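Quick notes on the structure that follows.
Each reported figure results from applying straightforward, stated rules to the coordinates on display, with no laboratory input. Nothing here was measured: the structure is a model prediction, and the numbers come from that model. Backbone-built Cβ (ideal geometry, glycine too); neighbour counts: all protein chains shown.
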């Protein structure tokens, strides 16, 4: 028998990797597969999420994020594989499990013709609790919408709907919070505020899993899984995922962007040339110098190129992993 | 000086006592990729409805593709294209049927539609999908087709609403290359988006807040001016005064 581990003892004795193995798992998934007719939505998905971790699933629309979240929340059964959430089996122990999960689906699914306050009371009652009992947990979030508590939920702005949905998902003090694309369609300011709110929930030891198509949100998570076509491409801390980029990366800027991309693509030494905002990210087949690239571009009639070596971001690594898989 | 395809002078739009657009001034050139940004409720949708001939200004001068936004809204509609990420193509029609339908709506004659259909299928290497339903296409292909359909009638301006939101990183880049190509051919691309990293691809961006344009310049110059590493940082600094 292993002695129970406390946080302090973990910090002292073990490397981060070992610590990861020994931590209590909020989610353990192995070999999850789900098909819809001919579509393979999830293809042999295995991962685990540590207790009180903020874990992100990052990938485009259609990657399988929502299907996976519906399995985690016991709303859908997998075709194959095992899924344990909070130590409970998603199939046989779903009733007990549901009491401990807060779920915010991608589509706004509160009652539009109930007021803000009525929605919150309704969700508290369904879970056998009261707003008063767990108010502390939502007070920071709810404070933003409390002035509008008599307003119908359907009449709220996007940012306010999102805060109400989060309040309703938290009102029964769940141990696991599941957020399916909470920041999609929300402006950059509200997005940033939302992540700040999630950060504050850490104090309450709530495990949070969150999906997003925004690559730049990875940095807000403890660990992320990059997901594409029903498969997990990589799972790690955002820093390690970026560090996994295997080549030297250069950013190239020119006024004539379209010409620049076409010119870069023609050179056989260049492996990839992808537009990234106001620059183009370039990698070479063999280790090559900036001078070589500059001279080539001048020869091709692009004399204003500014070339810099750069650190790869999450999206660079995602592209690399996608190319490797094909 | 480059040819201006959108000119907006002192544009005001009121709904009752509410001022949705408060004295806007900006121009957009032919072949420019122009990003139109703002927080939810800043007044962007109101402006876009006016620029696309769906709504009339309360006061001010607005000219789109050479037509007046008060009196020539029908001509404006015929000279613009529109694509939004959420809905653009009919899912229960085939690729070919969608192209024929949109060609008809844009008032193109049959032989021209047929010609463009062939060109488009060849360019996108879409021949094998010609008779497939849109609902059977992967999302990335749908997006590319939706964009091609939005410029089928070679409009002066194409409006794109969050064009690459939610698509995978490779498709996203192919999509931006299509946008660059379109802009290089002289069509103005007018982008609205919440994705600030999409804004980084634009030649110039404007940021709206509470009905006013509070910033308008190239992403690079705005980043310098506000001492920010990204457009996102610029946006957070100025889009919400409080």
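Considering the Cα trace of the stretch A:105-254, what is its radius of gyration and what is Dmax, both in angstroms?
Over the stretch A:105-254's Cα set, Rg and Dmax evaluate to 17.8, 61 Å.
Report the gain in length on full extension from residue A:150 to residue A:131: 0.36 nm times residue separation, minus Cα-Cα distance, nm rounded to one decimal.
5.3 nm
Of all alpha-carbon pairs in chain A, indicate the percentage at a distance above 32 angstrom.
Values: 21466 of 52975 pairs.
The proportion of pairs with Cα distances above 32 Å equals 41 percent.
Inverting the mean 1/r over all pairs of different Cα atoms, compute the Kirkwood radius of the stretch B:165-242 and quote it in Å. Please list the in-between numbers first.
Values: mean 1/r = 0.0737 Å⁻¹.
Taking the inverse mean of 1/r over all distinct Cα pairs, the stretch B:165-242 comes out at 13.6 Å.
Just need the Rg to Rh number for the stretch A:249-325, please, alpha carbons only, Kirkwood Rh. List each step's numbers first, then the result.
Details: Rg = 11.8 Å, Rh = 12.6 Å.
On the Cα set of the stretch A:249-325, Rg over Rh gives 0.94.
Mind pulling the per residue volume of the convex hull built on the Cα atoms of the protein assembly as shown? Å³ is fine.
186 Å³
Please find the FRET efficiency linking residue A:295 to residue A:112, where r is the Cβ-Cβ separation and R0 is fixed at 56 Å, and quote it to the nearest 0.05. All intermediate terms of the calculation are to be shown ahead of the outcome.
Values: r = 62 Å, r/R0 = 1.11.
According to the calculation, E is roughly 0.35.
Within a 10 angstrom radius of the beta carbon, how do B:119, A:117, A:256 rank from fewest other beta carbons to most?
On the way: B:119 12, A:117 18, A:256 15.
Going from sparsest to densest Cβ surroundings: B:119, A:256, A:117.
Listing A:223, A:202, A:247, B:125 from the residue with the fewest other Cβ atoms within 10 Å to the one with the most, what is the order? Please list the in-between numbers first.
Values: A:223 20, A:202 13, A:247 16, B:125 9.
Arranged by neighbour count, lowest to highest, A:223, A:202, A:247, B:125 become B:125, A:202, A:247, A:223.
To one decimal place, what orientation-averaged projected area in nm² is obtained for the convex hull of the Cα set of the stretch A:192-282? Write out the running numbers ahead of the final one.
Values: hull surface 33.1 nm².
Mean shadow area of the hull around the Cα atoms is 8.3 nm².
Report Rg(Cα)/(2.2 N^0.38 Å) for the stretch B:126-181, keeping two decimals. Write out the running numbers ahead of the final one.
Values: Rg = 11.7 Å, N = 56, 2.2 N^0.38 = 10.2 Å.
Taking the Cα Rg and dividing by 2.2 N^0.38 Å, one obtains 1.15.
I need the shape label for the stretch B:91-201. Rule: rounded when a/c is under 1.5, else prolate if a/b > b/c, else oblate, with a, b, c from the alpha carbon gyration tensor.
oblate
Out of A:212, A:130, A:73, any idea which swings most in a Gaussian network model of chain A, alpha carbons joined below 10 Å?
Sorting by GNM fluctuation, first place goes to A:130.
Using only the C-alpha atoms of the stretch B:87-151, find the volume of their convex hull and express it per residue in Å³. Mind showing how you got there, number by number?
Working: hull volume 4.9 nm³, N = 65.
In the stretch B:87-151, the Cα hull volume divided by residue count equals 75 Å³.
When Rg is the radius of gyration of the Cα atoms in the stretch A:73-185 and Rh is its Kirkwood radius, what does Rg/Rh come to? Show your work: numbers first, answer last.
Values: Rg = 14.8 Å, Rh = 14.8 Å.
With Rh from the inverse mean 1/r over Cα pairs, Rg/Rh is 1.00.
Once the Cβ-Cβ distance between residue A:253 and residue A:93 is put in as r, and R0 is 56 Å, what FRET efficiency do you end up with, to the nearest 0.05?
Details: r = 56 Å, r/R0 = 0.99.
About 0.50, to the nearest 0.05.
So if I restrict to the alpha-carbon atoms in the stretch B:1-155, what is the Rg, and what is Dmax, the biggest pairwise distance, in Å?
That works out to 17.8, 55 Å for Rg and Dmax.
Using alpha carbons only, how many degrees (0 to 90, rounded to 10) separate the axis of helix B:139-150 from the longest principal axis of chain B?
Approximately 80 degrees, to the nearest 10.
What shape does the stretch A:221-262 have by the C-alpha gyration tensor, where a ≥ b ≥ c are the square roots of the eigenvalues, rounded means a/c under 1.5, and otherwise prolate means a/b greater than b/c and oblate the rest?
Verdict is prolate for the stretch A:221-262.
What angle do you read, to the nearest 10 degrees and between 0 and 90, between the alpha-carbon axis of helix A:314-325 and the longest principal axis of chain A?
Roughly 80 degrees, rounded to the nearest 10.
For the Cα atoms of chain B, what angle does the longest principal axis make with the long axis of helix B:95-105, in degrees from 0 to 90, nearest 10?
60 degrees
Once you've got the GNM for chain A with C-alpha springs shorter than 10 Å, pick whichever of A:193, A:269, A:93 has the biggest mean-square fluctuation.
Of A:193, A:269, A:93, the most mobile in the Gaussian network model is A:269.
Could you list log10 I(q)/I(0) for the stretch A:150-235 at q = 0.14, 0.16, 0.26 Å⁻¹, which the Debye formula gives when each Cα is one point scatterer?
-0.54, -0.70, -1.46
Relative contact order (percent) for the stretch A:24-236, with alpha-carbon contacts under 8 angstrom and 6 or more residues of separation?
Details: 412 pairs, mean separation 66.6, N = 213.
Over the stretch A:24-236, the number comes to 31 percent.
What ranking of A:58, A:145 emerges when the number of other C-beta atoms within 10 Å of each C-beta is taken as an exposure proxy, fewest first?
Details: A:58 28, A:145 23.
Arranged by neighbour count, lowest to highest, A:58, A:145 become A:145, A:58.
Mind checking the full-extension length gain between residue B:181 and residue B:68? Use 0.36 nm per residue of separation minus the Cα-Cα distance, one decimal, nm. Before the final figure, lay out each step's value.
On the way: separation 113, 0.36 × 113 = 40.68 nm, distance 2.81 nm.
Difference between extended and current length: 37.9 nm.
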